[in-house]
Structure formats: structure tokens, C-alpha cells
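The structure under discussion appears below in the form of C-alpha cells.
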There are 4 protein chains.
Amino acid sequence: MGNPMAKNLMKHGYPLVIYDVFPDACKEFHDAGEQVVSSPADVAEKADRIITMLPTSTNAIEAYSGANGILKKVKKGSLLIDSSTIDPAVSKELAKEVERMGAVFMDAPVSGGVGAARSGNLTFMVGGVEEEFAAAQELLGCMGANVVYCGAVGTGQAAKICNNMLLAITMIGTAETMNLGIRLGLDPKLLAKILNMSSGRCWSSDTYNPVPGVMDGVPSANNYQGGFGTTLMAKDLGLAQDSATSTKSPILLGSQAHQIYRMMCAKGYSKKDFSSVFQYLREEETF
Amino acid sequence: MGNPMAKNLMKHGYPLVIYDVFPDACKEFHDAGEQVVSSPADVAEKADRIITMLPTSTNAIEAYSGANGILKKVKKGSLLIDSSTIDPAVSKELAKEVERMGAVFMDAPVSGGVGAARSGNLTFMVGGVEEEFAAAQELLGCMGANVVYCGAVGTGQAAKICNNMLLAITMIGTAETMNLGIRLGLDPKLLAKILNMSSGRCWSSDTYNPVPGVMDGVPSANNYQGGFGTTLMAKDLGLAQDSATSTKSPILLGSQAHQIYRMMCAKGYSKKDFSSVFQYLREEETF
Amino acid sequence: MGNPMAKNLMKHGYPLVIYDVFPDACKEFHDAGEQVVSSPADVAEKADRIITMLPTSTNAIEAYSGANGILKKVKKGSLLIDSSTIDPAVSKELAKEVERMGAVFMDAPVSGGVGAARSGNLTFMVGGVEEEFAAAQELLGCMGANVVYCGAVGTGQAAKICNNMLLAITMIGTAETMNLGIRLGLDPKLLAKILNMSSGRCWSSDTYNPVPGVMDGVPSANNYQGGFGTTLMAKDLGLAQDSATSTKSPILLGSQAHQIYRMMCAKGYSKKDFSSVFQYLREEETF
Amino acid sequence: MGNPMAKNLMKHGYPLVIYDVFPDACKEFHDAGEQVVSSPADVAEKADRIITMLPTSTNAIEAYSGANGILKKVKKGSLLIDSSTIDPAVSKELAKEVERMGAVFMDAPVSGGVGAARSGNLTFMVGGVEEEFAAAQELLGCMGANVVYCGAVGTGQAAKICNNMLLAITMIGTAETMNLGIRLGLDPKLLAKILNMSSGRCWSSDTYNPVPGVMDGVPSANNYQGGFGTTLMAKDLGLAQDSATSTKSPILLGSQAHQIYRMMCAKGYSKKDFSSVFQYLREEETF
């Protein structure tokens, strides 16, 4: 994800200072004349507006607070924007450490996949001090069509996690419903049409239907390739679960959705689009 | 429900022959000059197009196959339309019995509440022999804005049950998500807005949001009065559960939704709108 | 199951009149000099104490109320004992029909598998009029070590269904717990020992542990062959689900257990022992 | 819990150095001539065998690694035993920090409540280096009847969490089953007897039955007072959930049990014994 995001910043004329744990990932930026450095700390030494994009909470902590992390050399007044999807509690903790160094931290996770990143159509959900939002928006607007201010630090993560939990629930619900209807004798296209004009309508039924043959141009039309992988959904549901446990919020269906995607990862669906839950439920009884 | 439906037929000029187990319910039709008779059999003797509207599968069996049921005096070629929401397996059974008498049976459950019934805006989901659909549509079109042909007998019920199962899942999912987001510090209106422009969007989030203060004109804005009661949702989920069990279809979230609405019925929510699941989840820990 | 049960009656000196839909199943009884007849009605004509053992509610209805069913020729005062595991509501319905013919009906489902049937160690849970229990016990005692009177007609089924629902829940719970403990670094034998001396103890942990290597002489020690099949457990959970739905009893974990065994049937576990849920949960994430 | 544990050490002749965040809690030990100090660091300065007992992971981190924590003044070669029930990942982290100071850390959570603590009948599940187990056992044996070695650091917590997760599942399962059986017409005492001689048997059915009137001397016989509170069970299930999420272990019923106890905390059951889930499920539908 970081690669197409960086390219969109280049297109808007921003000079870059780049670091990635995999040096090969930086090669094309080096060839294009951008600076490539050898640690997050080195980025912080040279830049005062920094965007981080990392796969897990642990990676984010390392990039900020590690031995060669950003905080080792961050300049006062710098704006640090983390676009990783991580635990909101970790975002808040990082924000405190950044503030102690006299800089500003905002969490700004994205929705939309690699395609949206390339075309600059990501949505950013931004949490942090409101006065700094305009500055963040200037940068994020180069990479995303929607930049939404969500509130205090951590609320960007919260919004992302909430959306994806509801998405997982509605997708599994759509898959169960379509499967039940088909077994009761309904034509899948007709059933989708009825749901979509009724109160069962949801994005998973009307825009991303999980049943092969119902819609074109979605992963279910292409053997569940592309799209948003089951492993990634399981990861986001783990974050939702952690947040719900720590805030003592009951999530009966959210928990169940988490367990279902966890099971699917172990059954060969880890790299398929998350709408493949229809296929997972659909497998026929064997005799 | 039967009352406003009958009135809409009157408005379209159809003469009525009416029966209800509660004689008082027939009084205003008698005063308006319509025939009121004393059993379903008597209706069948006088009318060759009959619409039934009953609360349970047991009631429907009684009205058709009981000692004074329609089948006792049904005329050959009659068109019998059952608008009850019942087990599709029962609809199929009734259709067989009706066919043996030389008449035609169609299932045509409705969606939309008493308000939609009054204004003639119900949606009918119709199952039965396709050649008879035009005849059914002529009558049902007097009472509903949408009359959808779903396939063989029982598929009207199947479509209704499927929609309501998905509705229950998306509503509980929306309630869990909104509650989690609020506890994580998000403003409810803002969270609803973000979900509705993202992939978590569903009818329960964008048209019937369960959180008080987010939308006007929905039950959550009126202490969950009016709307579609929790008891009725629990009943429809029981039908979904029965259909899933008999067709061996896995419904992990559907089952859970059934159990949640069943619990709510026992906790004082039976007469509240089904969106009150937000309130049920929201209650604070007491110390 | 019927075969070893009938043999135990023979051993106790009872003359038999036998019917099975598969004539081959009767051959060895014919060779041993017992009467084999060609319908349930024929059995009823010749015998006044009849034991039925059938796989589903539908089969039981056919055997009693079908065109050549027992009720066609049942003698007044006959004692009819149904050892099938079926819906208690069906047992009650059959009891009413039998009573109308002047005979007595009792439900007496069994627990224990084919092995227990052979050795005469079945447990019978009996529902019906208390005054007839002694007569039933005389026969059932030839085939089972425990014959328990449970109350009015249908309570034998209720007891069986309740036990098996709790069994399914404790087995899945044991499997989840053992798997979690192993992943947290515990030795499976040690974990089983700790659970069995603590409050987590259950039959599934101390007598029928689902983890290979923990106990000898159980299906988990033999690749989950033998024992009580996943399909049969899914069937019994379907009966529990139906009973819970019709009595409006919340079964949050029971429903979930039903769905899990339903899923397993479709994933190649249908003929394995139900303790194979450990294997189902255990499969590793693939990359 | 700490109070009766400390008294049992006194009874065995050990001199004590005591600290508690609530000074009043130390008064009776001061009056008895024991040393009371003003921080965990002060305990570490004076004692080389230290037992900690704290309510949450956060409290444990503070007591060891805080500004006045044990690690500030711990002596080389000290044995530190933590009897708190906390996240095994936190136990492992603390063990690393303790090891860096040249001391030894073991996790030794207990099962059994305040009564068992008073009578010296607790069970300790101990994780840590095996060579140090004898030294730990000498101390813990003064307070508990069973001291079980579970393996490497963190496995004591793992065993405790696993047992309590299975306990929660079997208790809810027993409550659902007893409730369903009663609604199907079974006498509760008879149903418990049948389950306890069958494969549904578990500690929750045979030793701690949740249905009032079935057993004496358990919380269900005393309006669910005493015993193990719902809040504590919800806390332990939160730890199980966190461990399952981080190890990617599916816990379908464990998650559901967590959510159910979380809901109960918000519905007025927080201080009742966890077997009150029967009462929670049992409440009747209101009309």
C-alpha cells in the first residue's frame, strides 16, 4: 500500500524521504531521484511531515519507539500521521509519546485496497487534535478522495474497525441468507433483487454480492480472487474483538464473525476475498 | 393487518365476503354493507377468490383444513391466496391439498407494517404456478405497490423469511457497531455518516438507525414505539431456523440473531420495535 | 440398532414377529425360526407388545399412521414402545392416535451405541403413563442396563435430546479449550489432568477426550472411527433446536453447537465420531 | 484473597513483609507484629521470596515495573511468584524483565475462592523454570492443597484460563439444557440425575447445579449469593479471548460465553454467582 501512496505524493510535487524494512521496495524511488534512508529515525531527522504505513501494532510501536525509531530524532513541531490499521489503544499510547517530544500524532487508517491507492481514491479516517486536521488533510488529500475527521486520537482507528466489523457481519449474513434462499428454491439473482429493494439491503448484497453469477466485476465473479483477503478481515476483527473486550462492549455477532473468519483462514480461504464465506458455507454434505 | 387490506379491496370496487374469529373485527364491514359469514367454509361457498391473513402456521392449517375450513366447501377453479407469514413447508402442504380439490393456492406474504397496509404500499412476495400470477397480481395490486413473483409455491415465504433474517442480522450488527464506536469515543451521527458512505452501509444503518438522536422519524427517535415488534421478529427468525434445520443450511449468525431476539422477548422488549436491540446491548454495567 | 436389540429379546426367550423395510435385515431372524412379516400392520395383527426403532420422525409417522402402519391393525390393550429418537411433539401426537385405538404408547429412546446394544447395556429414557412403566421395563430391561422413567409421553425424548445437546456443547468446549491450551504451550495430557481435577471437568474431558494421545480406547485414539457419528449428532441437535424454537427457550450455545456440527457434515466429517470437532478446529492456517 | 493467603504463611512460621495499596488492609498484620512497608520496592529490598496477588494485568505491571515497583530494588537470586490471574503474555514479559535483574519469576494463579484461601485448600497452577518449582512448592503448599507444575512461564495462567473458559461453557450449557428440559415437561431433579449418569455429565451439572432446588449448599440454593461472581468470570473470559485472538485459536463457544457473561454484567448479575446464568435465561416472556 505504501508504494502507490508515495507515488501520489510525488505526483503532487512533494519531495520524499523514504524508508522500508525491505530495501528493494525503495529502489524505484531511489531511481526516480528521491532520498532513501536507512531507518525511521533518519526519516525523522530529515522530514517534518511523516506518514507511516505498517501491518501490525507491533510494527508500528517498533517504527516509532524502537531503537532506531522516529522518536529518536523527531523534530519539535513535526506532524506524524500513521495510516496503519492498529489497535486504537496503541494509537493513543504513541500519541502520548509523540506529544512528549513536542510533535503531533494523528491516526489515519485507510479504506479501499491497492487499486484505490493507485488511483488516489482511498478514504482516510483521521483522529487527532482538530487544529492540525487541515495540515493532515493537505497531504492525505493527495492520496485519497475522502478525508474524514473523526475526533480525538484513536477515533480514526475506531471508525475503521467499526466499519469493517459491520462489513464482516453483513457479508456473512448475506452469504447465509443467499444460501438458505437457494436451498428453499429461490433463484439467486431474483433473491438478490428482492433483498435489495427491501429492508435486508446492504452493501454486501447490492454492491459486492458473494454469490457467483449474481453480479459482474466483483470477486465472486472471479473465483474470489482479488478484493479484500480473508486473512486481513480476520486481523481487523481481532482488533475489533480486543477493543470490545477492553471497553466491555458486547459484540455477539461481531465475535462470531471473528471466529468464522479465523476458521476460514485455517481451511484454505486465507488468500481468497472475504466474500468467499458464501463458498465456505455452501459446500455440500458428503456421503 | 387484514382490516386495512380488506378496505383497499373495497375501494377498488370488489364486493367482500368476510370472516374473522373475532366477530367484532367484522362489524365495520357489516355496517358498510359487506357480507359477514361465520366460518372459512362459508367464505369458500360464496367466493372464488379468497385471501387469508393469519398469525401462525397452526392458524393457517385450521383455516384451510379444519372442521369448518375453506377446503370443506371450496369451488373448483377458485384462487386461494395466503398472505400469512408461515413455514414454507406448510404452504407447500396446503397447496397440495388445495390442488386435490381442483383449486389453486398461492403464498403471498407481505412486507411493510400496518401503515403500509393502510396506504396500499405493501410489498407482496408471491409463490405459485406462474400462469396464475396475473390473476393474483390483479387483486394484490389493490393492496400493495410491489407484487413480486418469486417462483413455485413456498418461494414467497422463502423470500420473506430470507429478507427478515438478513434484516435481523444487519440490525443487531449495526447496534453492536454503533455501541462499540460510541464507547471508543466516536460521535454517533458521525459514525453513522461514515458507515453509510462505506462498505458497512445497510438499511439498518442508513434508513432505520437504531441509535436515538441519529435520525428522525424512526422508532429509535420515539423510544422504540411503533415499527416492527421484537416478538414478530423472533417469530420470523423461528421460521428461518426451522427452514434452515430442515434444509440443513448453516446459519451461524441467523441462529444467533434468533436467540438474541428470543432473549429480548423475555427481558421486557417484546412490544418494542426490533431496533431496540441497541438499547438492550447498551445498558450499562451496574456496580 | 434394531438387530442387536431384537437378539437380546430372543436370548430372554421372547418369540418375535419382525418387519424391516430392508428384507435382507430380517433374514437371520427368519433362519433362526422367527416370524418375518411384510408390514408394520402385520406385526400389529400378530403381536400385542411392539417395539419400533426408526431413524426419523417421518419414518416413525409412516410406521404408525401410514397406509400399512401399525394403527391399521393394532389390538386393544397393546403396548407400543417407540425407541426412535424423534421430535417429542411427534411422540405426543402418535400417543394420541394410539390412545384413540385403545392401545398404549410410550417413547423410550436409547443412549449408547451399537456396542451397548449388543451387550445389553443401553440406557432407555421412558415417557408415558406411569402405570404401564412396569410392563415396558420388563421388555426394555432385556436390552438395557438402565431403564429410567422420565414422566409423561414425550419426556423420554426430551431427556435424550437434552443430554445430547449438553454433550455437544461440552465436547466442542473441551475441543476449543484443549486446542487453546496446546497453542499456549501446555502439554495435552497435563492439561486434561488439570481440567479433570478442576471445575472444567466433564465427560468429554475425562472419559472421551477428543485429543489424540490423551486417552486410549476412545475414537480420538483411532482416527475418530467408531463412536457416535457427526451426522447423528447434527440430527439430534436439529431436534433440540426445533424443541427450543417451539417452546421459546433460548439456547445460545446449543444453537451454535448445532451450526458447528452442521458445518462439519459438509466438510468431510459426517462419518467420523463427533469428537473429531477437535480436528476440525485444529487445522492449521495455510499460507 | 491476599489476606487469608498471608495468614496461612504466618501460621507456617514465615515472617512477613507486607504491602497493599490500601493501608487499612495491612493493619491487622501490623498489629500482629509483621512488617508493613510503603511500596513493592520496599518489599523487594527486605525479602527475597515475594508473592504478589493483583486484580489485573495493569496492576501487575505497575507492581513489578512501576516507579516504586519490585524491580527497582529486587535482589539477585530472589524468587518472585505472581498469583494474579492475568494475560499469559504479560507473565512472560514480566519474567523476562525479572530475569534481566538476576532473579526468578513464576506465574502461579489460583483456583478456589476466599473460603478455600482461608482453609488452605487453594489449587495453584505454576509456570516457570522447573528447577525452581520445589522452592515455589514449599511456599505455595502452605496455602494450597494442590500445587501443579504446568511448564514454562505463562503456562500456569494458560491452565487457569483454559479451565475457566471450559467451566463457563459447561455452566451455560447446563443452564440452557436444564431450562429446555423443564419447558419440555421434565422434573429438574430427575433431569439432573439423568444427565449425571450420562454423557452430558459435567461439574456444573453434578457438583454446582445452577437450578434452584436441585442441590443443597451451592449458590443456586441461596439466591446465587457467594461463589464466583459473574464479573470475575467475564474478566477471565476476556483473558481467554485475548489469548485466543493472539494465538489465532478459534473459540466459537468460548467467545459466545464471553459475550453472554459480558451482557449479564450489564443486566444486574455482576455480583451474583456465575451459575445465575440459569436465572438470566429463565426469565419469562412478558406480555
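The values are calculated or read from the model by the stated rules, or taken from the named source; none is laboratory data. Owing to the predicted nature of the structure, the values given are computational and were not obtained by experimental measurement. Methodologically, a virtual Cβ is constructed for each residue, glycine included, from the backbone with ideal geometry; neighbour enumeration extends over all protein chains shown.
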Could we say that B:G173 is at the interface with another protein chain (Cβ under 9 Å from one of its Cβ atoms), at positive phi and more than 16 Å from the chain's Cα centre (by Cα) here? no
Could you tell me which residue of the range D:80-112 is surrounded by the most Cβ atoms within 10 Å (Cβ to Cβ), considering only residues that are part of a strand (DSSP E or B) and within 14 Å of chain C (Cβ to nearest Cβ)? D:D107
Scan (1) at pLDDT 95 or above; (2) under 30 Å from B:G181 (Cα atoms) for the single condition A:M5 breaks and write down its number. (1)
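Output the residue which, of all residues in the range A:117-132 that are over 21 Å from A:P4 (Cα atoms) and crowded, with 19+ Cβ neighbours inside 10 Å, is nearest to the other protein chains (Cβ to nearest Cβ). Reasoning before the result, please.
Taking the range A:117-132 as the starting set, the residues that turn out to be over 21 Å from A:P4 (Cα atoms) are A:127-132.
Now drop any that are not crowded, with 19+ Cβ neighbours inside 10 Å, which leaves A:127-128.
Details: A:G127: 8, A:G128: 12 Å.
My answer is A:G127.
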State which residue pairs qualify: first residue closer than 13 Å to A:D20 by Cα and inside the range A:54-78, second residue basic (K, R) in any location, beta carbons under 9 Å apart, and separation of 6 or more residues or different chains. A:P55/A:K235
Quick check, is C:F228 modelled with pLDDT under 95, under 30 Å from D:I182 (Cα atoms) and in contact with a strand residue (DSSP E or B) (Cβ under 9 Å, 6 or more places away or on another chain)? yes
All but one of (1) aliphatic (A, V, I, L, M); (2) more than 20 Å from D:G77 (Cα to Cα); (3) more than 20 Å from the chain's Cα centre (by Cα) hold for D:L16, so report the exception by its number. (2)
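Is it fair to say C:G115 is in the same structural domain as C:I81 (by TED's automatic domain parsing), in a helix (DSSP H, G or I) and closer than 24 Å to C:K235 by Cα?
Details: in the same structural domain as C:I81 (by TED's automatic domain parsing): yes; in a helix (DSSP H, G or I): yes; closer than 24 Å to C:K235 by Cα: yes.
In short, yes.
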Does B:T245 satisfy being more than 7 Å from chain A (Cβ to nearest Cβ), over 30 Å from C:K267 (Cα atoms) and not aliphatic (A, V, I, L, M)? no
Inspect all residues belonging to the range B:192-199 and state whether any of them is within 16 Å of the chain's Cα centre (by Cα) and modelled with pLDDT under 95. no
Would you mind finding the one in D:A41, D:A60 that is of a type in the set (A, V, I, L, M), in the same structural domain as D:L140 (by TED's automatic domain parsing) and either within 21 Å of the chain's Cα centre (by Cα) or closer than 18 Å to D:C142 by Cα (or both)? D:A60
In the range A:262-279, how many residues are under 18 Å from B:L252 (Cα atoms), away from chain C (no Cβ under 11 Å) and charged (D, E, K, R)? 0
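I'd like to know if the range D:199-207 contains one or more residues that are at positive phi and not acidic (D, E). Walk me through how you get there before you give the answer.
Keep residues of the range D:199-207 that are at positive phi, which gives none.
So far as the range D:199-207 goes, no, none of its residues is at positive phi and not acidic (D, E).
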Could you please give the count of residues in the range B:258-279 that are under 15 Å from C:S243 (Cα atoms) and either in a loop (DSSP other than H, G, I, E, B) or not charged (D, E, K, R) (or both)? 2
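Given the structure, is C:P15 in a loop (DSSP other than H, G, I, E, B) and within 25 Å of C:C162 (Cβ to Cβ)? If you could, list the steps in order and put the result at the bottom.
Working: in a loop (DSSP other than H, G, I, E, B): yes; within 25 Å of C:C162 (Cβ to Cβ): no.
Judged against the criteria, C:P15 is not a match.
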Only one of (1) over 20 Å from D:C142 (Cα atoms); (2) within 23 Å of the chain's Cα centre (by Cα) does not apply to D:D24, and that is (2)
Residues of the range D:200-244 being surrounded by fewer than 21 Cβ atoms within 10 Å (Cβ to Cβ) and among the polar types (S, T, N, Q), which ones? D:T207, D:N222, D:N223, D:Q225, D:T231
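Please specify each residue of the range A:145-163 satisfying the condition of being crowded, with 24+ Cβ neighbours inside 10 Å, more than 7 Å from chain B (Cβ to nearest Cβ) and either in a strand (DSSP E or B) or out of contact with any Phe, Trp or Tyr (no Cβ under 8 Å at 6 or more places or on another chain) (or both). It would help to see each step written out before you state the result.
Taking the range A:145-163 and keeping what is crowded, with 24+ Cβ neighbours inside 10 Å, we get A:150, A:153-163.
Filter once more, so that each one left must be more than 7 Å from chain B (Cβ to nearest Cβ): A:153, A:156-157, A:160-161.
Hits for the range A:145-163 are A:Q157, A:K160, A:I161.
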So which pairs qualify, if the first residue must be in the range B:29-52 and within 16 Å of B:G2 (Cα to Cα), the second must be of a type in the set (S, T, N, Q) and assigned to a strand (DSSP E or B), the Cβ gap must be under 8 Å, and the two must be at least 6 apart or on different chains? B:P40/B:T52
Would it be correct to say that A:D107 is under 16 Å from A:A44 (Cβ atoms), touching a strand residue (DSSP E or B) at 6+ places or on another chain (Cβ under 6 Å), of a type in the set (D, E, K, R) and touching a residue at least 12 places away in the same chain (Cβ under 8 Å)? no
Enumeration of residues in the range C:3-59 that are surrounded by 15 or more Cβ atoms within 10 Å (Cβ to Cβ) and touching a Cys at 6+ places or on another chain (Cβ under 6 Å): C:N8, C:L9, C:I18, C:D20, C:V36
Subset of the range B:118-135 (residues that are part of a helix (DSSP H, G or I) and either closer than 20 Å to A:N196 by Cα or within 18 Å of the chain's Cα centre (by Cα) (or both)): B:R118
Among the residues of the range D:68-75, is there at least one that is of a type in the set (G, A, S), assigned to a loop (DSSP other than H, G, I, E, B) and surrounded by 23 or more Cβ atoms within 10 Å (Cβ to Cβ)? no
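Return yes or no: is D:Q259 over 17 Å from the mean Cα position of the chain (by Cα), within 7 Å of another protein chain (Cβ to nearest Cβ) and not basic (K, R)?
When the stated conditions are applied, D:Q259 passes them.
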